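Every number here is computed from the coordinates shown, using simple stated rules; none is lab data. Predicted model only: the values in this text are computed from it and were never measured. Neighbour counts run over all protein chains shown; Cβ positions are idealised from the backbone, glycine included.
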Ligand SMILES: [Zn+2]
């Protein structure tokens, strides 16, 4: 299930569903090191350009010509969703704003301190 390594601690703590969620701009927290992780935002922004292009192009064609273009829009959307799973993960700094992203945040994680 969990087969994708965390960019902070290199432990395989993320699964493909997590990867799909990061493709929807979700920010995840590693179970192992509590480091925050998201998808590489520049790659994701480029991918979302294609989502907009997909909706605008096929939406316009559906308006002009045939409603079958809405089906092409859905297929294009699913293809983009497929690629969104392969956007690489990138580490985020901890919520407390500490300088190093590699150290597990000791103060920002109440579960470990309790
Ligand atoms: Zn981790």
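How far apart, in nm, are the 7 Å Cα→Cβ label points at residue 20 and residue 40?
Between residue 20 and residue 40, the simple spin-label model gives 2.3 nm.
Using 0.36 nm per residue of separation minus the Cα-Cα distance, give me the extension gain between residue 61 and residue 85 in nm, one decimal.
So the extension gain works out to 5.9 nm.
Stretched out fully, how many nm does the piece from residue 32 to residue 74 gain, at 0.36 nm a residue minus the Cα gap?
Gain in length upon complete extension: 11.4 nm.
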